[in-house]
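A quick write-up on the structure given underneath.
The values are calculated or read from the model by the stated rules, or taken from the named source; none is laboratory data. Everything numeric in this text was worked out from a predicted model, so none of it was measured. Neighbour counts run over all protein chains shown; Cβ positions are idealised from the backbone, glycine included. What goes into the accessible areas is simple: the full protein's heavy atoms, side chains included, and nothing from ligands, DNA or RNA. Shrake-Rupley method; radii C 1.70, N 1.55, O 1.52, S 1.80 Å.
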Amino acid sequence: MAWGRGRAHSRTTAQPEPIDGGYEVAVGPPSTEVRKVYHTYTPEFLAQTAAALDTPGHQLMIAGPDALLRSAIPATWTMDQGGHLMAVVFSPDPYTVPDGYRLVVETEGPLTVARAFHTNGDHAASARLGRDGEFGVFDKVVTADNHRRRGLGSTLMRALTLNAHALGMRSGLLVASDEGRALYEHLGWTFVSDFPGARSKAA
């Protein structure tokens, strides 16, 4: 639930609504789909839920194995590229900005955005964090292709962590890609669960 609420703050979309075993949320423009996310379920429950939603405009996500969700959905559904739910306890460690870059961290309400700029004016990298109480949810950690492998992703994560801790947040959550998981584990994050998704047939 904290991940869903924090992600909505990061993306300035509608807040999730609690349902049995999880929550549902409108995906947001331009999509008109509704996503149901489950943290508590049985295989039978997932199969029944997917069957009841087997019309255009629905998504399912679970904290659990990809294979389990794949086995529960109708053949007409499409699996999305899966992610990895990860967590960390925030530690206010110092960091340095790579040479040739400057860092800007701005907070407005529950949203904090960190941006890295090159001295040539390039917007080189950015990352967002949405707050839900003591949780900070990292989202959209992006580095421009011509500024990769310079430590900017790690720097932005550390900057957001330090800022979040100063604001009273104590734990971090994120959903990582296969590639991103290695970076986050290097930064001390712990794997919690696979986080696959699927969507019903197109309209």
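Rounded, prolate or oblate: pick one for the stretch 36-76, where a ≥ b ≥ c are the square roots of the eigenvalues of its C-alpha gyration tensor, a/c under 1.5 means rounded, and failing that, prolate if a/b is larger than b/c, else oblate. Note, shape of the stretch 36-76 comes out prolate. Spacing of the modelled spin labels on Met79 and Asn146, each 7 Å from Cα toward Cβ, amounts to 3.8 nm. Legend: P(r) of the chain from all alpha carbon pair distances, 10 Å bins from 0, whole percents, reading 9, 33, 33, 19, 7, 1. Along the stretch 89-104 the Karplus relation, 6.51 cos²θ - 1.76 cosθ + 1.60 evaluated at θ = phi - 60°, assigns HN-Hα couplings of 8, 5, 10, x, 7, x, 8, 10, 8, x, 4, x, 10, 10, 10, 10 Hz to successive residues, with x for each Gly and Pro. Other residues lying with their Cβ under 15 Å from the Cβ of His118 contribute a combined charge of +2, Lys and Arg counting +1, Asp and Glu -1.
Of the DSSP beta bridges with both residues in the chain, give the percent that are antiparallel, rounding to the nearest 5. So the antiparallel bridges in the chain amount to around 85 percent. In this structure the stretch 57-196 gives 50 Å² per residue of accessible area when probed at 1.4 Å with all protein chains present.
For the stretch 1-46, the square roots of the Cα gyration tensor eigenvalues, ordered a ≥ b ≥ c, give a/c of at least 1.5 with a/b no greater than b/c, which places it in the oblate category.
Considering only Pro16, Gly109, Thr119, the residue lying farthest towards the positive end of the dipole of the chain is Thr119, judged by Cα position with unit charges set on Cβ. For the pair Asp54 and Val97 in one chain, pulling the backbone fully straight at 0.36 nm per residue adds 10.6 nm over the alpha carbon distance.
Pull out a ≥ b ≥ c, the square roots of the eigenvalues of the alpha-carbon gyration tensor of the stretch 113-203, then state rounded if a/c is under 1.5, prolate if not and a/b is larger than b/c, and oblate in the remaining case. Cα axes put the stretch 113-203 in the oblate bin.
Can you compute the FRET efficiency between Ser171 and Glu108 using 1/(1 + (r/R0)^6), with r the Cβ-Cβ distance and R0 = 22 Å? Round to the nearest 0.05. Please report the intermediate quantities before stating the final value.
Working: r = 22 Å, r/R0 = 0.98.
Taking R0 as 22 Å, the efficiency between Ser171 and Glu108 is 0.55.
Relative contact order for the chain using alpha-carbon pairs under 8 Å, separation at least 6, rounded to a whole percent?
30 percent
The portion of the accessible surface of the chain made up by carbon and sulfur, rounded to a whole percent, is 52 (1.4 Å probe; DNA, RNA and ligands excluded).
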